[in-house]
Amino acid sequence: VQAKPVNVQALVTDALQSLKQPIAEKQLTINADVPDDLAITTVPAKFSQVVRNLLNNAVFYNRKDGVVTVTAKADEKNLKLSVQDTGIGIAENDQERIFERFYRVDKARSRHNGGTGLGLAIVHDMVLQLGGDVTLNSQLGVGSTFTVTLPLTDLPSFYKG
Ligand code: ATP
Ligand code: MG
């Protein structure tokens, strides 16, 4: 597996592009605050999957006329990327289980969304593999913010060319 420099803005734009239709149907407002020169050396397919799964949820579990805000910035060592939504939110007692495989908050409601309950488990696996972590801040009925922290260049040695 090869790590490569990835432009974060281009990757976010791509991910949003593939959600164009559900975004339009829900009439969501998308705010993206990502510097155009922000890059990370990582495994592109894995990083892309993380961003896609988070954006997918932010769109899917949002309300009509809701907002999705994507923010990315770097400190000396890490990229911090957060995806914030104005969706249904996640109750506190569900928050600790949300990264488990097949865990879905409301099975009856989630089932007809056609998901599998794997999206966040994949996010969690991938960020750990890439040497980072993911945290959740959410309030029921208000919205959720998922924040991913990933090393800008200092990947686990397994990925180094
Ligand atoms: P898929 O495998 O298609 O992603 P999924 O969306 O159900 O299916 P996850 O992405 O792992 O699976 O999410 C697990 C559960 O967490 C969801 O079923 C939903 O109940 C809850 N959830 C995830 N993201 C959000 C969010 N942004 N706002 C509210 N609830 C969420
Ligand atoms: Mg999902």
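Scan the stretch 15-30 and tell me whether some residue there is of a type in the set (Gly, Ala, Ser), under 19 Å from residue 85 (Cα atoms) and in contact with a Ser or Thr (Cβ under 6 Å, 6 or more places away or on another chain).
No.
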Which of the numbered conditions does residue 124 fail, given that it passes all the others? Conditions: (1) more than 16 Å from ligand 1 (Cβ to nearest atom); (2) surrounded by fewer than 20 Cβ atoms within 10 Å (Cβ to Cβ); (3) within 30 Å of residue 158 (Cβ to Cβ).
(1)
Any pair with Cβ under 9 angstrom, 6 or more apart, that starts in the stretch 56-83 at a residue that is acidic (Asp, Glu) and ends at one that is assigned to a strand (DSSP E or B) and exposed (fewer than 15 other Cβ atoms within 10 Å of the Cβ):
65/29
Output the residue which, of all residues in the stretch 21-49 that are touching a strand residue (DSSP E or B) at 6+ places or on another chain (Cβ under 9 Å) and part of a helix (DSSP H, G or I), is surrounded by the most Cβ atoms within 10 Å (Cβ to Cβ).
47
Restricting attention to the stretch 91-100, does a residue exist that is touching a strand residue (DSSP E or B) at 6+ places or on another chain (Cβ under 8 Å) and within 20 Å of residue 21 (Cβ to Cβ)?
no
Exclusive hit being farther than 25 Å from residue 152 by Cα and surrounded by 13 or more Cβ atoms within 10 Å (Cβ to Cβ), set 52, 63
63
Considering the stretch 72-93, residues that are assigned to a loop (DSSP other than H, G, I, E, B) and within 16 Å of ligand 2 (Cβ to nearest atom), and then whichever is farthest from residue 145 (Cα to Cα), we arrive at 88
Quick check, is residue 114 modelled with pLDDT under 95, over 17 Å from residue 8 (Cβ atoms), within 9 Å of ligand 1 (Cβ to nearest atom) and surrounded by fewer than 14 Cβ atoms within 10 Å (Cβ to Cβ)?
yes
I'd like to know if the stretch 95-107 contains one or more residues that are crowded, with 16+ Cβ neighbours inside 10 Å, closer than 22 Å to residue 13 by Cβ and under 16 Å from the mean Cα position of the chain (by Cα).
no
Can you confirm whether residue 57 is touching a helix residue (DSSP H, G or I) at 6+ places or on another chain (Cβ under 8 Å) and of a type in the set (S, T, N, Q)?
yes
Residue 101 vs (1) out of contact with any Ser or Thr (no Cβ under 8 Å at 6 or more places or on another chain); (2) closer than 22 Å to residue 127 by Cα; (3) away from ligand 2 (no atom under 14 Å from the Cβ): all pass except (3)
Here are some residues: 145, 153. Which one is part of a loop (DSSP other than H, G, I, E, B), of a type in the set (Ser, Thr, Tyr) and away from ligand 2 (no atom under 14 Å from the Cβ)?
153
On the given criteria, is residue 62 within 17 Å of the chain's Cα centre (by Cα), under 16 Å from residue 16 (Cβ atoms) and part of a loop (DSSP other than H, G, I, E, B)?
yes
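The values are calculated or read from the model by the stated rules, or taken from the named source; none is laboratory data. Computed from a predicted model, the values in this text were never measured in an experiment. Ideal geometry is used to build each Cβ from the backbone, glycine not excepted, and the neighbour counts take in all protein chains shown.
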